[in-house]
Every structure is written in C-alpha cells, then in structure tokens.
1. Hey, can you tell me all the residues within region 60-111 that are in a strand (DSSP E or B), in contact (Cβ under 8 Å) with a residue 40 or more places away in the chain and over 11 Å from the mean Cα position of the chain (by Cα)?
2. Within region 48-59, track down each residue that is in contact (Cβ under 8 Å) with a residue 24 or more places away in the chain and surrounded by 14 or more Cβ atoms within 10 Å (Cβ to Cβ).
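The values are calculated or read from the model by the stated rules, or taken from the named source; none is laboratory data. Keep in mind it's a predicted model, so treat the numbers as computed, not measured. Glycine also receives a Cβ, built like all others from the backbone with ideal geometry; neighbour counts cover every protein chain displayed.
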Amino acid sequence: MRKKFIILSAITAGIALICISAILTARPQDGDMAYIYQDGVEVARLALDGSDDGKIITVSGENDAENVVEVIDGKVHMLSSTCKDKICVNSGWRDSTGTPIVCMPNKIVIDVKGDSDE
C-alpha cells in the first residue's frame with residue numbers, strides 16, 4: 001500500500017511540475033508589432049519600437065463604423081469607436097502578446113505579436 005502511495009505521489013508531482021512549467025513559458029512576451037484586422041483581414045501594422053509613436057490609424061467599416069487606434073510610448077490602444085458598449089476603448093493599452101483588443105460590433109481586432117509569433 002505504501003509503495004502505491006509513493007508512486008502515485010511521484011506521478012502527481014511530475015504532472016504538477018509539467019503544468020507549472022507550461023504556465024511559466026506561456027507568459028506574455030514583449031510585442032514588436034500591433035496588427036490591426038478588420039473582419040479577419042489585416043488592414044494595418046503599427047511598430048511598437050518607437051518608430052510609430054504618436055501615429056493614429058482610423059479604420060472605417062460597414063454602417064458608418066469607425067475605430068481609431070493610437071500608438072504612444074510603444075503601446076497601442078483603441079482611442080475611440082462608434083460601437084455602443086465601448087469595451088474595446090475601455091480595455092486599455094497593450095504592449096505584450098497574449099490578449100488582443102477586440103471590437104466585436106465593428107469586427108476589429110488589434111493583436112500584438114513578437115518576433116517568435118510571426
């Protein structure tokens with residue numbers, strides 16, 4: 001009985017170590033570029049290395065939809081949107097991979113990617 005307990009404990013510890021290492025390696029990485037997609041099609045790229053600081057991109061869509069994207073200090077955010085709920089505008093700034101900015105009503109996605117993502 002004790003031998004089975006030790007084997008089961010070792011297997012559980014091994015699985016826990018694998019899960020922890022997977023979580024630690026999946027952390028967001030610094031992004032190099034912000035890719036702007038409209039309805040699944042890339043419409044613009046903004047560099048997050050400082051070369052596009054202060055740049056503002058306006059993406060127009062169906063039914064007078066309009067989203068304004070801004071880059072400052074190597075970070076990107078949705079400056080304004082014509083959508084009703086403004087979740088995209090209130091989602092904050094992005095400078096690392098992992099969580100895109102999404103405007104579902106206007107079909108806009110801002111996805112930050114690094115060198116290893118391309």
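1. Hits for region 60-111 are E66, N67, V69, I108.
2. Of region 48-59, the ones in contact (Cβ under 8 Å) with a residue 24 or more places away in the chain are 48-50, 59.
The answer is L48, V59.
Residues checked against (1) under 21 Å from V41 (Cβ atoms); (2) polar (S, T, N, Q); (3) at pLDDT below 95:
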residue: D52; (1), (2), (3): yes, no, yes
residue: D64; (1), (2), (3): yes, no, yes
residue: G74; (1), (2), (3): no, no, yes
residue: T82; (1), (2), (3): yes, yes, no
residue: S96; (1), (2), (3): no, yes, yes
residue: P105; (1), (2), (3): yes, no, yes
residue: G114; (1), (2), (3): no, no, yes
